[in-house]
Every structure is written in C-alpha cells, then in structure tokens.
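Everything on this sheet refers to the single structure shown next.
The values are calculated or read from the model by the stated rules, or taken from the named source; none is laboratory data. From a predicted model like this one, the values you see are computed outputs, not experimental measurements. In this analysis, Cβ positions are derived from the backbone assuming ideal geometry, glycine residues included, and neighbour counts consider all displayed protein chains.
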Amino acid sequence: MVTRSKQNGARPGLRRALVPLAAIALVLSGATLVGQGVWISAKAEIAQVLLARAWTRAQEGETAPTPWPWADTWPVARLSVPSLGQHAIVLAEAGGEALAFGPSHLAATPPPGAAGTSVIAAHRDTHFAFLRDVEIGDEVVLERVDGERVLFRITHTEVVHADRSGIQPEGGPARLALVTCWPFGAVTPGPERYVVWAKMVETLEV
Amino acid sequence: MTSHARNAAGGQAWFGLVIAIATFAASLLLWSDAWADEGPQTPDGMVRLSEINEGALLLKTMDHGVYVPAPMIATDIELDISGPVVRAIVTQRFENPSEAWVEGTYVFPMPEDSGVDRLRMQIGDRFIEGEIHERQQARQIYERAREAGQRASLVEQERPNMFTTSVANIGPGETIIVQIEYQDIARLDDGQFEVRVPLAITPRYIPQDVGYLLASTGSMQNSTVPDADRITPPLMLPEGEPEEGLRLPVTIRAHLDAGFELGQIAGRFHATLVRHTAPGEASIELANGPIPADRDFVLTWQPADRTRPSAALFTEEWNGQTYMLAQILPPAELSADIPRRPRETIFVIDNSGSMAGTSMQQAREALIFALERLHPTDNFNVIRFDNTMEQVFPQAVPANWENVGTALEFARGLDAEGGTEMLPALVAALRDGNADDTSRVRQIVFLTDGAIGNEAQLFEAIHRGMGRSRLFPVGIGSAPNTYFMSRAARLGRGTFTHIGQVSDVAEEMENLFTALERPVMTNLDAIFPQDAISEIWPAPLPDLYYGEPVVMTARLNNPQGVMILEGQTAGETWREQLSLSDATQSSGIATLFGRNRIRGIEETRFQGANMEQVDAGVLQTALDFHLVSRLTSLVAIDATPARPSDETLVARQTPNMIPDGWDFEAVMDDQALPVQHASLDTALIDQLRPGLDPSQTRLDENGLPLPATATPRELLTWLGALMMLLGLIWLLTHQERRLW
C-alpha cells in the first residue's frame, strides 16, 4: 500500500499541489480585476456623496471648495434631468482626474447659460449612463454656484469623432452639449462620442 | 482547499472594498475637520475663479456688495535706468464706467526683488502723498476714509511679486489716478543687462493651495499664503476683449544711462524704438504704441565692448548714512575648461494629478533628457511622487548603461495621478548616504509645478537636510509656483529653471546642465577696511553659477578704502579689489539695501528664526526705508469727503463726465486709442470664468477636442469574472478527480 502510493503517486502528487495553486491564483487575479471594476463605480458613487457636501459649501459662497483635501477639482454646477430622475454634481475640469468623480465642465467652454456652447462630459458607464435614455424635448436643469437655475431643452443628438467634434464653444446662443463615449455598452474605449445638444429655454428665478 | 481559496479571493475583494470605503470616510472626516476651523470664505457673491493671466480691475459696487468688472484704462510705466539701478514709475488710471460709487481693486505684478516705496494719488491738480503704515493700521485708515466718503488709495503686498492697489469712492463716470514707484536692479547675465517689467500675473492654482494647506499644516496661522480671494481677480477671456483698442493698454518708456558705451539695445518680446541721445545714453519706447498687459516686457542692453570687465560700484547718501551697491562679474575664463567633477544627481519628478496633460509630458521629457546626459562616472537616482512615493534604486547608483536604461523605462511609464505630497519625496532626496564624500558634487533636480501650500514646511526641510546637496528646482507648465521654486533654489543654493512649453525642454535643460556641470564659485566674501562697514545683504553672499555676477548691497560707516572680493572656484581663488572712493553717486541704493534686508530677514524664518523677531525686523526695516512689505502698506487719503453721505447706495441716472482737472500728462499723451467701456450687464459677468492659457483655447475647424469618457470597468469586471469562473471550475474538477 505504502510502496504503491510512492511509486504511482509521485507525479500526480506534484500535480495535485500545483493545480489548485494555479487555480487559486487565477481566482485571486480575477477577483482583483472585478474589485477594480467595482472600485471604479464605487468611486463614482461615493465621490458624488462627498461632492454634494462640497456643493453646499460652494453655494454658501466658498471659493472653489475641494470635496476632499487633495482633490484637484471642485463643484461648479448641479445637473438634473427631471424626466429620468437623474442628477449629478458637475466638476470643474482642472486636473486630469475629475471625470472619475463626476461629470466635468470643460474649462475651454463658457459656463452653462452664457452665450456659446457649454460642454459637460462624463463616463458612459457611470454618471452619463442615463444619456442613452434621454429623448428629444426632455428638460435639463443646471443650477449654478451663484444660485441661478438655467433650463435647457434637448434639441437633437449626434455621434462625432473625438478629434473632430465640430463643437465651437464660443459664440451663438446659449447651448449645452452633454458628451459621453459611444457606443453605449461597448467594452473597450473608442474614438466616437455621443453628443446630446440642448438649447437654453429660460433662466428660472430662485 | 477550494472553499478556503474561495474565501481568500472573496475576502480580498471585500477587504479592498472595505479599505476603500474606510479611506473615503477618513478623508471625509479630515476634510470636515480642516474646514470646520476655517469656516467658509465668502467673497461677496460673484463668479468664483481660480486663475489669473493679467491684472484685472474689479469694481466693488457699494450698493449691492457685488463685484463688477471694469476696464483698467491705462498703465503708464517710466523707467529711469542709471547703471544697473532702475527707478520705475507706474501710473494707473482707474475709470469707473458704472453709475454707482465704487471701490476699485487692481491686482498687479511687480519684479520680485523690487522695493515699492512711493504712492501718490492725483485729485484734480493736487497730489496726495502716501504714507507708510503697519499693514493692519493702513487698512483701518483706508477703511475709515472709505466709510467717510473720502477718496483714498492703498497699496498692499500680497506676495513678494504681487501687489494690490485699492481705490475708494470713485464717483460715477470718474477717474482716479494712482502713481506707484519702485526701485529695481537690472540683472547682469553673461555680459548682458536685463530689466524685466512684469505685466502678466502667473496664474495661481488657489484651490489646490487651500486644499493642501489645510491638509498639511492644519491652520492658516503660520502660512505664507494670504487670503486666496485677494489674489484671484477674474480673467477676461480673449473673446471678451474689445475689438479695437486695448482694455489694459500699457505704455512703457525708458531712459537709459548705462555708464558705458552702448552696444545693442532691444526689447526681448516687444518691438522698441531706440534713440541714442548722448554717448552711453538712450531713450527707448514701444515701437507700435501701447501693448496689452498679457506678457512681460523685457529690455536688454550690452556694452559696445563685450570683453570689458563688468564691475559697477554705486553709493548713495541717505539719512546721514552711506549705502553701497556692487555688481561684479567674475571673469569667464575662471569658470571654463575646468575638468568635470563627478557628480551625484538625484532626480525628483512630480506625477501628481495637477501635472496631468502637457505638464507631465514636459516633465517626462526633461527627465529623459537629463538621464541621457549622465556620464558613466556619475551616480544618480530617480524618485517620483504624487501622494505616494517611489525610488527607482534604494540609493544612488552608478550611471552605467544598465541603470540608466532601467531609469529611462521608469520615466517613460510615468502617469499623472493622485495628490501632491512633496515633503516625503524631498526628505528622501535630501537623505545623503555619503555626506562626507567631498569628491562628488551632490545635486537634486526637482521637476514639479509646485502646486503646494505647505511651503514653510518644505523650506524648513531644505534648510535642515541640505548638507552638501544643492537644490535645482525645475518649474513645469505654464503656471508653476515660481515664488516657491525661486525661494527653494536660494535656500538650496542652486538655480531655478522654468520650462514653459514642450519645445523649451531641450534648451532649458541644456542651460541647467551648463550650470550643473560648471564649477560653482563658493565661499564668496567681501572684505572691507576695519570699521568701514556696518551691514551687508545678502548675508552670507550666495554661491555663483556660471555667468552670474556678485550683487551685494551694504551700509557703510566710512566710504573710503579698498573692498576686496574673494571666492573659490575649483581650488582656485578669485580676488578682485575695488576702491570705494571710485564709486559712482546714484539714487535708490538705500531702497535696494532695505529691500534686500527685508528679504534676508524673511528667509531666516525658514532657518528656524523666531517668528516674532522676524516680524519685528521686517516691520522696522520697512518703516525705516518707507517700503511696502508683508507687514506694511502705503496709504493716501484725501481730507475732503467726495461722496455725499446720502449718496451711499443709490446708482445715478447719468454718468458724469471725467471731472475737470483729471488730467495727467503722462497718461493723457496716449489717449489716442479709443476708450472702451465695459457695459454693466450680467452677460459680462458671465464672460468671466477660469481662464486657460490662450494658446490652449485656440481651436481649429475641427472643433473642441473631446475627452475620453470610457472606463475599463466592464472590461475589468468581465475579464475578472471569467478568470474567477475558470479558476473555480478548474478547482472543482480537480477536487472531483481527487474523490476518485
């Protein structure tokens, strides 16, 4: 019994030890990847909670309140789409990382409600996932730090190439362009962007 | 076995998630604590902005408590240059285009080493001379006058190179003229004199400053960063500028009395008109009329005979004492052709989130350039930091092919993310394995945008840990914190290099390497006859890098005898004798001495000096020399009230004409250009927003480039799930086989 196991069991024994090890390694790395994926959405969600507080401070008159001490960005507006019950705090595009935490207002474009095209971008699978559900005619409300609320109505949507967007931020009536990656549900990044265009309707009195 | 593995994997994921949530919760706590002490800073409801490109006039309307932007009609600058001594008269004309009584505030740049010592306000044909007062007191005097309806002006220092003028009670449609004078010194570099008139303000990244400041020092008490609101005027976008004429026109005129036969005279960035009026004298003005205040004006001149030794000695009698200025350029041959000494170079690179984009690219390329310049006999190391820190080698290693290769690979893979925790990286760089090794020069090259607020802590670390190391900060991006970096360079006895754009990397790094590779002149000392001298600033004299002159100011008891300058260069002694009685009489030397004294005293703060003593020393010097400083301001008050007491809040129907007698020749000469009024509608306020470098906002017909808006979330999740599934199946099948 003992000798047999020694003769026939040497190789399977090694295999028996290695296989589970490799399998466990596979499971662990898989879990890490899933964790990273979860972390991306968790970051997006938690950041919005912190941002809500920074937003209150911004409305109280604080200059560029950073949501956490080492943040490179701060809230500039609050965006909501009442028909879908969606809302998010919009960040100033200051550092390179703002997009991970919330929709970002591109600094090279006018503030929402001013003449010209104001551009707000966000990730397609987090903050702007709801853009696939918006319909022409939907209202978009932007509340600015100064307390003013600007009402926009969606006029049309288009798909453009990121480097040839054709968006000219300066001049023309006050418009809003909400930008995210296209197509929705794609797994890998691509050069196409989905642009939701909205026109300013009125400024709501607070 | 299987279930154990499953638990471990799941446990890790959960552990990661818990840690993540805990981190956020901790940051939340930290954040609320930090802000609880401070309370929200509330500038009166206006657009909040964080960057400045040029000075901007804000009109604070007295009725609404809101700011309204207004055009700064004209700045006129006159330079009177005698030898290297520059006297500048800056005339600012404040016009109120609104229909209310307003207070104007203008934030404007100044040369860092200049001394602002005079303020005058023109009312009709009278000039009201400003007085120097302790800062708080000056502000009180100003505010009292403002409430009483008197015209008043106040000049305050926000940073050593940034000042604010406030003007109270400008009536509807009125104009008030304010004149500020300062003393500066032309820099001598490689045989060429250069005077810089800053017109553009370096954008300051205030949100970060505030964030980091609170996180790192815990309070504003010992901070060198004053109220952020004060130094962040709004920025007018290029599109908001009037199409004809200029909103902030600047005229510059200079009279140059070089003291030697003049060679080439030129404006570095602007076309100039030069007239040679007499041997060694010239008058210079702008060739194409007024210029916009968006770029510094730099004037350079050279002696006709460039080989002529450049030594200049000036004295001034002031308040019964003699003040001296010496500017001496050591002969160049002393520094050339000296065998290269082996070096130990530590590169520190900032890859924090604020560096994202072109800044990171510049920093990366600068580092790669530097690594490729290393010599096999050199030792080196590379440290990167964001809110974490990483060293490529545990300690400095020889710059052989293999090690440099490793470092280059590391440099190419650097990405910008995270916060800016500079202190640990700085401390690591200063840690010296062989502090007593004098055969090697130890140099730290620090590549950063300096977006930090805990300057004082860093300065202290530099002072304490420096030893034989020398610090060479390299400012990256269009708006690095130059105040931090030039002071760090002085404390670290190195030089400060600024890389503004990617195309500058090679040239600027080349210049830096020239400084790094040439021997330094050390142990500089000025020896005077006994009892001839009472004080020298800067003290001690700083080390000199290639092409730099010795610049020193002194207070003399007895302006006779011979002064000897001595310094060491790579084992050789350089010595120069100058007779004090040969000095040229000049004016403004005492002011320069006072300014150097203030700077010297301010810098002892980071060398552990008592804060109260520093303050007392600065205050006394500033009051003695009539200088605006961190603790003193100039204030001018008109005794006659201008604004009727019942006129406080009501806006008038019709704007008035500019009152009779508001005539100021220096400015009026340039009245040819059309005066642009900013209309006071809200559309204009909307125009104000955080600005970008105009070069970055320029768009072509392709339109705005859009950012990447996809995350690898799904890819990660699917891939991860697939791997977990495969692993589990594998484990299960394996277990089943074992059951047989």
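Scanning the stretch B:411-438 for residues that are closer than 16 Å to B:Ser469 by Cα, of a type in the set (A, V, I, L, M, F, W, C) and modelled with pLDDT under 85 yields a single hit, B:Ala435. Checking each residue in the stretch B:550-573 for being under 29 Å from B:Ser439 (Cβ atoms) and in a loop (DSSP other than H, G, I, E, B) picks out B:Ala570, B:Gly571.
Conditions (1) out of contact with any Cys (no Cβ under 9 Å at 6 or more places or on another chain); (2) at pLDDT 75 or above; (3) hydroxyl-bearing (Ser, Thr, Tyr), marked per residue:
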position	(1), (2), (3)
B:Gly500	yes, no, no
B:Leu512	yes, yes, no
B:Met521	yes, yes, no
B:Ala526	yes, yes, no
B:Ser534	yes, yes, yes
B:Leu541	yes, yes, no
B:Gly561	yes, yes, no
B:Gly567	yes, yes, no
B:Thr573	yes, yes, yes
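Among strands (runs of 3 or more DSSP E) entirely within the stretch A:65-150, having at least 3 residues that are touching a Phe, Trp or Tyr at 6+ places or on another chain (Cβ under 7 Å) and not β-branched (Val, Ile, Thr) singles out A:86-92.
Only residues that are crowded, with 21+ Cβ neighbours inside 10 Å and small (Gly, Ala, Ser) were counted across the stretch B:527-557, and they come to 1. When the stretch B:618-641 is filtered for residues that are surrounded by fewer than 18 Cβ atoms within 10 Å (Cβ to Cβ), within 23 Å of B:Trp318 (Cβ to Cβ) and not aliphatic (A, V, I, L, M), the ones remaining, listed by number, are B:Gln620, B:Asp624. Scanning the stretch B:567-609 for residues that are over 26 Å from B:Ile89 (Cβ atoms), under 25 Å from the mean Cα position of the chain (by Cα) and not acidic (Asp, Glu) yields B:Gly600, B:Ile601, B:Thr604, B:Arg605, B:Phe606, B:Gln607, B:Gly608, B:Ala609. Taking each residue of the stretch B:522-549 that is over 28 Å from B:Asn511 (Cβ atoms) and looking for partners that are modelled with pLDDT under 80 with beta-carbon atoms closer than 7 Å, six or more apart or interchain, yields nothing. Every test in (1) at pLDDT 85 or above; (2) surrounded by 16 or more Cβ atoms within 10 Å (Cβ to Cβ); (3) farther than 22 Å from B:Gln136 by Cβ is passed by B:Gln585 save one, and that test is (2). Counting only strands (runs of 3 or more DSSP E) that fall entirely inside the stretch B:351-469 and contain at least 1 residues that are of a type in the set (Phe, Trp, Tyr), the qualifying elements are B:379-385, B:441-448. Restricting attention to the stretch B:725-737, does a residue exist that is at pLDDT below 65, assigned to a loop (DSSP other than H, G, I, E, B) and more than 7 Å from every other protein chain (Cβ to nearest Cβ)? No, because not a single residue in the stretch B:725-737 is at pLDDT below 65, assigned to a loop (DSSP other than H, G, I, E, B) and more than 7 Å from every other protein chain (Cβ to nearest Cβ).
Restricting attention to the stretch A:152-206 and to residues that are surrounded by fewer than 17 Cβ atoms within 10 Å (Cβ to Cβ) and among the hydrophobic types (A, V, I, L, M, F, W, C), the residue that is modelled with the lowest pLDDT turns out to be A:Val206.
Considering the stretch A:46-65, the residues that are at the interface with chain B (Cβ under 10 Å from one of its Cβ atoms) and within 18 Å of the chain's Cα centre (by Cα) include one that is surrounded by the fewest Cβ atoms within 10 Å (Cβ to Cβ), namely A:Val49. Of the candidates B:Val392, B:Val348, the single residue that is aliphatic (A, V, I, L, M), touching a strand residue (DSSP E or B) at 6+ places or on another chain (Cβ under 9 Å), crowded, with 20+ Cβ neighbours inside 10 Å and modelled with pLDDT of 90 or more is B:Val348. Quick check on the stretch B:268-294: of everything there that is free of Cβ contacts under 8 Å to residues at least 24 places away in the same chain and outside any strand (DSSP E or B), which residue is surrounded by the most Cβ atoms within 10 Å (Cβ to Cβ)? For the stretch B:268-294, the residue satisfying everything is B:Gly280. In the set (1) in contact with a strand residue (DSSP E or B) (Cβ under 8 Å, 6 or more places away or on another chain); (2) at the interface with chain B (Cβ under 10 Å from one of its Cβ atoms), A:Val159 fails one condition alone, (2). Find the residue count for the stretch A:37-64, including only residues that are touching a residue at least 12 places away in the same chain (Cβ under 8 Å), outside any loop (DSSP other than H, G, I, E, B) and in contact with a helix residue (DSSP H, G or I) (Cβ under 9 Å, 6 or more places away or on another chain). Selection size over the stretch A:37-64: 8. Condition check: touching an Asp or Glu at 6+ places or on another chain (Cβ under 7 Å) and more than 7 Å from chain B (Cβ to nearest Cβ). Does A:Ile120 satisfy that? The answer is no for A:Ile120. Within the stretch B:139-158, the only residue that satisfies the criterion of being among the aliphatic types (A, V, I, L, M), surrounded by fewer than 22 Cβ atoms within 10 Å (Cβ to Cβ) and either in a helix (DSSP H, G or I) or free of Cβ contacts under 8 Å to residues at least 24 places away in the same chain (or both) is B:Ile141. Condition (residue is within 13 Å of chain B (Cβ to nearest Cβ) and modelled with pLDDT under 90) applied to the stretch A:79-88: is it met by at least one residue? Taking every residue of the stretch A:79-88 in turn, none turns out to be within 13 Å of chain B (Cβ to nearest Cβ) and modelled with pLDDT under 90.
Taking the criterion of being assigned to a loop (DSSP other than H, G, I, E, B) and at the interface with chain B (Cβ under 7 Å from one of its Cβ atoms), the residues of the stretch A:162-185 that qualify are A:Ala162, A:Asp163, A:Ser165, A:Gly166, A:Ile167, A:Gln168, A:Pro169, A:Glu170. Within the stretch A:133-156, the residues that satisfy the criterion of being touching a strand residue (DSSP E or B) at 6+ places or on another chain (Cβ under 8 Å) and not aliphatic (A, V, I, L, M) are A:Glu135, A:Gly137, A:Asp138, A:Glu139, A:Glu143, A:Arg144, A:Glu148, A:Arg149, A:Phe152, A:Arg153, A:Thr155, A:His156.
No other residue among A:Gly96, A:Gly102 is more than 9 Å from every other protein chain (Cβ to nearest Cβ) and either at pLDDT 85 or above or within 27 Å of B:Asp449 (Cα to Cα) (or both) apart from A:Gly102. In this structure, B:Arg493 qualifies as modelled with pLDDT of 80 or more, out of contact with any Ser or Thr (no Cβ under 8 Å at 6 or more places or on another chain), of a type in the set (D, E, K, R) and in a loop (DSSP other than H, G, I, E, B). Determine whether the stretch B:582-601 contains at least one residue that is more than 30 Å from B:Ala622 (Cβ to Cβ), free of Cβ contacts under 8 Å to residues at least 60 places away in the same chain and outside any strand (DSSP E or B). No.
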